[in-house]
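The next block holds one structure in the form of structure tokens; read it before the comments.
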Amino acid sequence: MPLWFARGLRRGVVTTRYPARPDSSAALLPAPPAFRPRQLTRQTADRLIAVCPSTALSRQDSVLVFDAGACTACGRCAEAASHAVTSSGEFELAATARSALVKKIPLLGEAR
Ligand code: SF4
């Protein structure tokens, strides 16, 4: 029997202290992507859009539009272009307005 299980039964506490204290296991959770604008070109953006299964990504001219509310944190975009996309490490995405979850990322790699 795992030690944490026996300790939980003895103390009556079976959950972590989150959200009062950060939970170290949060670092292992899938998180939505973060983008490096200077690495983003239209070609890269279009590749990211093509691999996104939830249509969380779209492009408006030289802007990549990321809808964090639609993202499932699957990681496919980061796999497709690891030089331009990384994990944000942020999974607490509550917002009072849907529009607050939509981010516009300029494609700064175009200027090169
Ligand atoms: S993590 Fe998955 S769902 Fe989210 S933007 Fe990337 S490809 Fe789309």
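The values are calculated or read from the model by the stated rules, or taken from the named source; none is laboratory data. Computed from a prediction, not measured in an experiment: that's the story for all the values here. Don't worry about glycine lacking a Cβ; one is built from the backbone with ideal geometry, like all the others, and counts go over all protein chains shown. Accessible surface areas use protein heavy atoms only, side chains included; no ligands, DNA or RNA. Shrake-Rupley method; radii C 1.70, N 1.55, O 1.52, S 1.80 Å.
Is the shape of region 60-112 best called rounded, prolate or oblate, per the rule: a/c under 1.5 gives rounded, else a/b larger than b/c gives prolate, else oblate, with a ≥ b ≥ c the square roots of the Cα gyration tensor eigenvalues?
Oblate, since a/c reaches 1.5 and b/c is not below a/b.
Going highest first, how would you order 40-51, 94-105, 10-21 by mean Cβ packing within 10 Å?
Result, highest mean first: 40-51, 94-105, 10-21.
Output the 0 to 90 degree angle, nearest 10, between the alpha-carbon long axis of helix 42-51 and the longest principal axis computed from the alpha carbons of the chain.
Tilt of helix 42-51: around 50 degrees.
GluC sites (Glu not before Pro), restricted to region 33-95: which are DSSP loop and have at most 14 other Cβ atoms within 10 Å?
Counting only loop positions with at most 14 other Cβ atoms within 10 Å, the GluC sites (Glu not before Pro) in region 33-95 are Glu90, Glu92.
Quick one: putting +1 on the C-beta of Lys and Arg, -1 on the C-beta of Asp and Glu, what dipole do you get for the chain around its Cα centre, in Debye to the nearest 20?
Values: 15 positive and 8 negative charges, 71 e Å.
It works out to roughly 340 debye.
Given a 1.4 Å probe and heavy atoms of the protein chains only, how would you sort Ser24, Ser87, largest accessible area at the top?
Details: Ser24 105, Ser87 70 Å².
The ranking, largest first, comes out as Ser24, Ser87.
Below 8 Å between Cα atoms, with a sequence gap of 6+, how large is the relative contact order for the chain in percent?
For the chain, the relative contact order is 34 percent.
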